[in-house]
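The structure appears below as structure tokens.
The values are calculated or read from the model by the stated rules, or taken from the named source; none is laboratory data. This structure is a prediction, so every number in the text was calculated from the model and none was measured. Every residue, glycine as well, gets a Cβ built from its backbone with ideal geometry; the counts of neighbours run over all protein chains shown.
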Amino acid sequence: MTAVRQAAKASPWILSPLWDTFLFIGAPLTAIAALYPLRVYWQPEAYAFLLLAFFTFGHHLPGFLRAYGDRELFRRFRWRFLLAPPLAFGLTLWFDSRALHGFFLLVFAWDIWHVLMQHYGFMRIYDAKQGVIGPRTARLDWALSITWYILLIVASPHYRHNMLQQAYTSGIPLLSASVVETIEVGLWIAAGGLTVAYAVHHYKLWQEGKLNWRKLATLGTFLFASYYLYVVVADFIVGFAVWSAFHCIQYYGIVWVFNRNRLRQGDVLVSGLRRLFEPRALMILLYVALIAAYGGINFTQRMVSDENLRRLLLAFIATSNILHYYYDGFIWKVRDKETRKFLEIEAGGESAGQRVRRLLDWLKPTWDRPVTQAAYLFAVLAILAGLEIRRPNDEVAMRRVLAASAPQASEAQLRLAETLRQSGQHTEAVDAYRRAVMLDPMNALAHVNLGVSAMASGQVDEAIAAYERALMLNPGIAAAHFNLASLLAARGDTARAQTHFRYAAAGNDPDAKRLAEDALREIAALR
């Protein structure tokens, strides 16, 4: 019997129609429905940190359980598993100790590739389970997914700002806003052309009775969630954290399925892991609890006050990220016989990794060797470190380019305004703060700093209005009370000035408290 017919007889589901709907195909919708509404109970930064700790960081653990708990896998890749952790940890500490950003740019870019390959992997699994293993289908899946996902990153003002900021702080030369806009237009054209080609190809598959709606639903929910959480949702930090959560839910599920199938097929696991992946409710709860416990390591960083200990903890967190991306690049290869066996699939066409290797044929036969991979890694990081050390981008110029390239990102406008204020360019800073508070009118500190720059540039009425707006949003900002009181006193409005000086004196800002008490004594002496 052919491989295609064998695959066709197997279940087209990874687990079952119900569980695939929640854990794999519909995971993006599950995360949005279950997690996004909960944002109202926390401040945005606190909620995003909670999700990124217990989901994003926590989901590294299942991959590590396989890397270090699978005897055969560990035997094959022993030196990678032993040498990669200290190497990544040392590089992280070295870059951090010199305030360089190149290593973190590598992690940032690798994260994008990693999530794309996980999504593409699920598409290949569903095609393979249905017996559709054509390389043309696989190539179109890969091209469409990567083009649309990168387009959505570029179309997201906040993600675009974060991506460019990471590149520019790493020494990458600045790109004008017009170049960035041209790149976005090119991506739209490419995405449109690929979508047409994809639709035509899958129409032919439908006519042949081979259309895989499970795979198409996986693609649709992935792109919908990326668009909604990256572009539509105004609070990007929460949107990104919810997006990361559905990526993690899929990963929890596929690792559990893989190891459950190993047990069911009589494969040998490290003794401590055998019971963990038994299909029992108690073991599933323990599996989730262990993931949450590992995520708690990230969550503790806010509780660490010792600076040296905090640096070590952050280096550990960064190392965990880079190891997760690195290990997943080779321990889950669909062309690997063991991976196919325990995911219960046949070969699913040409993989993205195979295509990359075809494009890099001139590197063979050494590309897969750890020593060669380390050499390439050091070469890339050396180039980035050299760029940042020898030709760092000017801070003001960088902030201007970022604000022009992502004009709808409030963070871009706010950071430009703060950079201009700190450099004494208050008139231009006022314009940038105006744009920032227009995009994010609930940011009380932005209103305070608008008041500072407006006051420094002689725009007293705007400064008073900015301080009043800040205090409406957050009455506890002592500096805003003091600055507003000073302007009111200068205008002769002593009664209102006294009120705000009292609020400043009662606040928890030591400088504002001292100055406000001095001002109150002066007012009392004049009477």
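Computed quantities for the displayed model
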{"read-out": "Qualifying residue in the range 36-47 (condition: out of contact with any strand residue (DSSP E or B) (no Cβ under 9 Å at 6 or more places or on another chain), hydrophobic (A, V, I, L, M, F, W, C) and crowded, with 17+ Cβ neighbours inside 10 Å)", "value": "no"}
{"read-out": "Of all residues making up the range 55-85, the number that are touching a residue at least 12 places away in the same chain (Cβ under 8 Å) and among the basic types (K, R)", "value": "3"}
{"read-out": "Pairs, first surrounded by 13 or more Cβ atoms within 10 Å (Cβ to Cβ) in the range 189-217, second of a type in the set (V, I, T) and at pLDDT 95 or above, C-beta under 6 Å, six or more apart", "value": "A190/T147; A191/T147; L194/T147; A217/I25"}
{"read-out": "Search result, residues across the range 284-306 that are part of a helix (DSSP H, G or I) and modelled with pLDDT under 90", "value": "Q301, R302, M303"}
{"read-out": "Unmet requirement for M455, which otherwise passes all of (1) in a helix (DSSP H, G or I); (2) under 21 Å from P173 (Cα atoms); (3) modelled with pLDDT under 95", "value": "(2)"}
{"read-out": "Residue in the range 257-264 that is at negative phi, modelled with pLDDT of 90 or more, assigned to a helix (DSSP H, G or I) and in the same structural domain as E338 (by TED's automatic domain parsing) present", "value": "yes"}
{"read-out": "Residue list for the range 127-186, restricted to those being assigned to a helix (DSSP H, G or I) and in contact with a Pro (Cβ under 7 Å, 6 or more places away or on another chain)", "value": "K129, Q130"}
{"read-out": "Helices (runs of 4 or more DSSP H) within the range 340-409 that include 1 or more residues at pLDDT 55 or above and over 26 Å from Q118 (Cα atoms)", "value": "370-390, 395-405"}
{"read-out": "Among the residues listed as L65, L73, L87, the single one being over 23 Å from T221 (Cα atoms) and at pLDDT below 90", "value": "L73"}
{"read-out": "Conditions (1) within 20 Å of L313 (Cβ to Cβ); (2) assigned to a helix (DSSP H, G or I); number of the one not met by R75", "value": "(1)"}
